[in-house]
Structures are given as structure tokens and as C-alpha cells.
Amino acid sequence: MIKPLVLALSIASSLSYAEGGVVTQGALTSLDKLQSYAAVKKAPTPRRNIAIQHWLTSNGANVLFVAAPDLPMLDVRVVFNAGSARDGDKFGLASLVSQMLDEGTSTRNTDQIANTFESLGASFNVGAYRDMFVADLRVLSDNNYLEPALDVFSDVLAHPIFPQNSFNRIFDGAQMGQQQRQQSPAAQAAILFYQQLYGSHPYAHPSNGTAESLKTISTDDLKTFHQRYFVAKNATIALIGNVDNTQAKAISEKISTQLAQGSPADALPSGITLDKAVHKHLNFPSQQTHIMMGQATIRRDDPDYEALYVGNEIFGGGGFGSMLMKELREKRGLTYGVYSSVAPMQVEGPFMINLSTRNDQTEQALALIRSNLQDFLRNGVTDAQVQEAKNNILGSFPLSTASNASILAYLASMGFYNLPLDYLDSFNERINKVTPERIKTAFNKHINPNKMLTVTVGQGVSVVQDEKAPQ
């Protein structure tokens, strides 16, 4: 049985990806920020030197590889441009494919797949997110383990059969998941936020679909989806571990040649903006109101990303040190935690502010968020604030590339978003180039408080438009 992979999939300090409204970049707990990085000021930040090799397989898959001989392991991640943005009108299609992928191939049943991975000590995980579909394999690099694990891994990616009896069972589980999300104000806020922000755009619907949309999906839809998107020219293969360049090329060919050559997925539509500020409220029987506020901002390859990233560390991404945390938690006790995040994707991903507060404090919290955002845009930031944010980011960056798994995630995202191969090596330099002026310019260019979406889920909020719970 596939265990869905919990993943954050964007780049900078640690991968940041907003999926279903979960705040990633900037969503550190207070404990994560208790220690100061003042020591970083006393010495240059160490430069990362990760030797990334890049090539295309014979049928067009994009490959990034880092040799890491210290551990007798190999980590493989295959990313397809096949996230829920490719669902069409069958919301939840990519998610069902991810849950069905290891339920059998033309030569192996689901028990044989699971038993082989287990007997080899191999780990296999998949997940479908808004932008991408991810499949991971971790296995010992000894050929006695590596080769049979790669055989099964490649077979599962290329030749799933999506049996009807397994589909019936997984469909029932997916519907139970829908019921659980109906009972969570945070989940309902995220669903409503993306629906209202993206409208008819493919990012609008929840990656897990809805109770009604799942009923429209058949195993034939899964097969059609797989045939279209699980192809070499729509794939990025990331490798890191105890293999050399020759072995890595052979491994990437082994995975890639099982796939049809195909063609890349079509570009997603761009230009997502709101014409005016909008507030949507969903009545929910809870003692707290969940608040999400934001707007679509930038693509992953936007040159303003680093300025927004550093600025967001100051505004709401820096735990106890952030402006929002000081104003709403420390000074007024309105919330346990408030966070902002910048989550660029293939097209304009969201800038989001996320918190929960007592129902009777909702209006006060909203007013404070709006006034703080306006002050931030109008006044900008100081040199001292920027230096502290840089110290926090650069001080924690080496830890975010300390494990093979974290480097693998970077490699896959770099390939998927077409980022330069020196992205990791040049990270410190790009962050150090951010100035207060760049932050103010970037925020005022991409963030407009007069065109902000606000979503509240709870009780006792005075707004014009109420929404029904998404079905």
C-alpha cells in the first residue's frame, strides 16, 4: 500500500510549497526560532559545493545527479508534470492515480510489489500535488538490492493496470477522507481559499478532489491520465547516492526507457489576479475562527523571489522574530501562531497569511493584519531587520542540505522548475544581495492590499458574502 508522501516542494532554505493551504516556507514553530543566529555574523557563511551533473536520457527525460559515496544508499525521485492541475474536470484524478499506482502491473500484483520492496529494505512513496506528481525510491546501493528494486520501481511507474477491485476500496477510503476534511476548519479554509483565489484556473480545486468529483472518475480515466502524463519527456529524474556517473546514467536509462517518449505537458494559464479585495466567510461550529489571507503572486522563476523570501522572513515567516508574531501574539495574545509564506509555482503561486483566533477576536485580528501589511508596504524594512533575516536564512541553509533526502528534493525541484544548476551553490550569494530597497520594491510590485482575498471559517464574523461548505 502506498503511503502518501508529505512534501514541501519549492526551493530556498527548505523546500516551500503551499499544498492545500498548508503553510510551508515560514511556517516554523516558535521553538525553531528561539535560538539566535548571531554567531553567523562573526564568520562568513560556508559555501555549499554540491557537484550536480545533468543530462537527458535517450528518450528525453531530464536527469540531475549528485554522487554521495558516504552512505551505501541510493535515493531516486521521479517527478512528472502531472499534479492535480492536470485533473481537467475530474477533480482528484491525479490523487487517485497516486493511491493506485502500486496496486498491480501487467506482471506483478500489489502483494508482490509490496513484498519485494519489503524484502529488499527499500522505501517507496508517491504523492500528487498541485504542480507535480512525485515517486520516491530509497534502497541500498549494493546491486543485489538495487537492481531488483529498480526493476519493480520502473515497472510500477510505467505499467500500472489500476484494477477495479482495488479502485473500489481506495475510492471508499478517499470518500472517508472527504468527510474528515469537512470536519476541519483549517481544511475548509484552505479549500475555500484556493477556490476563490484561482476561480476557473487548474489550481482552484483541492488536490484530493471533492466528494462529488470523485464519483465521476473511473479506472479508464486513471489509465488515460497515466498514458498522457507518465512519459519520458514529461519527467525529471533526480538521483543522489553511492553510485558513479556511469551507473547513474544506466539507472536513469533503465527508468526512462520503460516509459513512452511522449511530450511535455502543456503550459498552465497565467495571469491570476483579483480585481478587488474579497472576503468570503464560512460558518463553522468552532470556538476559533481560521483565517487565510493572500493573493496570487509570482512564478518559481521570478527574479524577485529572493527579495520576497527575505522580506517575508521579516514580515511573517520568521517565527517569534516576525512582525506579525510580535504584533498579534506577543503584544495582544490574539493567536498562538501567525505565519505568512511565499509559495511560487509554475504560474503565480500564493502569498498567504494563516492563523486561528478566538471567534470574538476575529475582527481585531483581521484589522491588525491589514494595518501591518500596509505599514510594511509603505515603510519598508531596516538594514538591521534585513541582516537579521539573512542571518536566520543563511544560518539554517546548510542544515537544509545536510541529508541526501533534502538534496534530492532540491534536485527534483530544480529540474522541474528549470532552475540553473548552480542554484544551491549560488544561494548564499543571492540572499546576500537582497537589500531593503529590493524588498520594498518587490513587495509593492507583487502584493496589493486592495486586491487581497480573505477567507474566514468559524462563527461571528461580519461580512457581506457567506459561503457554503465545499462539497
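The values are calculated or read from the model by the stated rules, or taken from the named source; none is laboratory data. This structure is a prediction, so every number in the text was calculated from the model and none was measured. Every residue, glycine as well, gets a Cβ built from its backbone with ideal geometry; the counts of neighbours run over all protein chains shown.
Here are the numbers:
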| quantity | calculated |
| --- | --- |
| Those residues of segment 170-217 which are in a loop (DSSP other than H, G, I, E, B), buried (at least 16 other Cβ atoms within 10 Å of the Cβ) and out of contact with any Pro (no Cβ under 8 Å at 6 or more places or on another chain), in sequence order | Tyr203, Ala204, His205, Ser207, Asn208, Gly209, Ile217 |
| Of all residues in segment 360-417 being modelled with pLDDT of 95 or more and not in a helix (DSSP H, G or I), the one that is nearest to Val78 (Cα to Cα) | Tyr417 |
| Condition met for Ser98 (under 18 Å from the mean Cα position of the chain (by Cα) and not basic (Lys, Arg)) | yes |
| Within segment 226-263, considering residues that are free of Cβ contacts under 8 Å to residues at least 24 places away in the same chain and not small (Gly, Ala, Ser), the one surrounded by the fewest Cβ atoms within 10 Å (Cβ to Cβ) | Thr246 |
| Residue list for segment 150-169, filter: of a type in the set (A, V, I, L, M, F, W, C), farther than 20 Å from Ala61 by Cα and either at pLDDT below 95 or assigned to a helix (DSSP H, G or I) (or both) | Phe167 |
| Strands (runs of 3 or more DSSP E) (entirely within segment 232-322) containing at least 2 residues that are under 21 Å from the mean Cα position of the chain (by Cα) | 235-241, 288-296 |
| Single residue of Ser400, Ser426, Ser413 found to be without any contact (Cβ under 8 Å) to a residue 12 or more places away in the chain and outside the structural domain of Asn234 (by TED's automatic domain parsing) | Ser426 |
| Test for Asn354: is it surrounded by 21 or more Cβ atoms within 10 Å (Cβ to Cβ), in a helix (DSSP H, G or I) and under 25 Å from the mean Cα position of the chain (by Cα) | no |
| Among the residues listed as Glu313, Glu330, Glu363, the single one being surrounded by 21 or more Cβ atoms within 10 Å (Cβ to Cβ), farther than 30 Å from Asp155 by Cβ, of a type in the set (D, E, K, R) and out of contact with any Pro (no Cβ under 7 Å at 6 or more places or on another chain) | Glu313 |
| Selection from segment 126-164 of residues that are without any contact (Cβ under 8 Å) to a residue 40 or more places away in the chain and within 28 Å of the chain's Cα centre (by Cα) | Ala149 |
| Filter result (within 12 Å of Asn234 (Cα to Cα) and surrounded by 18 or more Cβ atoms within 10 Å (Cβ to Cβ)) within segment 264-278 | Ala265 |
| Among the residues listed as Gln180, Gln175, the single one being outside the structural domain of Asn354 (by TED's automatic domain parsing), free of Cβ contacts under 8 Å to residues at least 40 places away in the same chain, closer than 26 Å to Gly294 by Cα and more than 20 Å from the chain's Cα centre (by Cα) | Gln180 |
| Hits in segment 249-290 - residues which are under 16 Å from Pro449 (Cα atoms) and among the β-branched types (Val, Ile, Thr) | Ile272, Thr273, Val278 |
| The one condition in (1) assigned to a helix (DSSP H, G or I); (2) at pLDDT below 95 that Asp425 fails to fulfil | (1) |
| Filter pass, Met132 being in contact with a Gly (Cβ under 7 Å, 6 or more places away or on another chain), at pLDDT 95 or above and of a type in the set (A, V, I, L, M) | yes |
| Looking only at segment 297-333, and only at residues there that are modelled with pLDDT under 95 and hydrophobic (A, V, I, L, M, F, W, C), the one that is nearest to Ala367 (Cα to Cα) | Phe320 |
| In segment 123-159, residue farthest from Ser218 (Cα to Cα) [restricted to those that are surrounded by fewer than 23 Cβ atoms within 10 Å (Cβ to Cβ), touching a strand residue (DSSP E or B) at 6+ places or on another chain (Cβ under 7 Å) and not hydrophobic (A, V, I, L, M, F, W, C)] | Ser141 |
| Where a residue in segment 195-211 is over 24 Å from Asp172 (Cα atoms) and its partner, wherever it lies, is part of a loop (DSSP other than H, G, I, E, B) and small (Gly, Ala, Ser), with Cβ under 7 Å and at least six apart | Gln195/Ala204; Tyr198/Ala204 |
| Per-region count, segment 91-121, residues in a loop (DSSP other than H, G, I, E, B) and surrounded by fewer than 21 Cβ atoms within 10 Å (Cβ to Cβ) | 5 |
